[in-house]
1. What does the charge add up to near Ala127, with Lys and Arg as +1, Asp and Glu as -1, over the other residues with Cβ less than 14 Å from its Cβ?
2. Under a 5 Å amide H to amide H cut-off, with H placed in plane at 1.01 Å, what residues pair with Arg68 once short-range neighbours are removed?
3. Pop a pseudo-label 7 angstrom from the Cα along the beta-carbon direction at both Glu98 and Asn9 and give the gap in nm to one decimal.
4. Separation between the Glu80 and Leu119 pseudo-spin-labels, each 7 Å from Cα along Cα→Cβ, expressed in nm?
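Coordinate-derived values only; no laboratory data. Keep in mind that this is a model prediction, so the values were computed, not measured. Backbone-built Cβ (ideal geometry, glycine too); neighbour counts: all protein chains shown.
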Amino acid sequence: MGGRKAPMNKEQEQQADKSIVGEFSTVKHVRGILSMGRYSDPDSASSSFSILLGDAPHLDGQYAVFGRVTKGDDTLRKLERLPTHKEGIFVMPIERIEILSTYYYDIDVESCEAEKSILKRRLSESASEVERWRRKCFA
């Protein structure tokens, strides 16, 4: 919640105040893994996360893995070229990277074919909206 710039409604504020109980697995922290950020308390994860650009075995069993990049290696390569600095055990970009827009699609895998055109249209609209805001705010 601390880094968010967009306003939140009451429900979003209540969700943002929650923390997540640590869930650790045997999944290795390697390039492309999405791993939860947290404070020293293993049960303090909230909304910060890392996308690993390389192997990080020191995080194995200590931080929750919740996903993996399956497409977009070109984006990971662009992130690797950003200037960084070290914060404790982490290497962080010097400038904050913000996600301007996201979508979560909860669809039944069996019906994915039927939803494909809707998903493509929504993603296209999202990309157009992000580009409009980028031009307006960052040009």
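1. Cβ neighbours under 14 Å give a net charge of +3.
2. Close amide H contacts, sequence-distant or interchain: Leu34.
3. Each label point is offset 7 Å from its Cα along the Cβ direction, giving 2.2 nm.
4. Using points 7 Å along Cα→Cβ, the separation is 2.8 nm.
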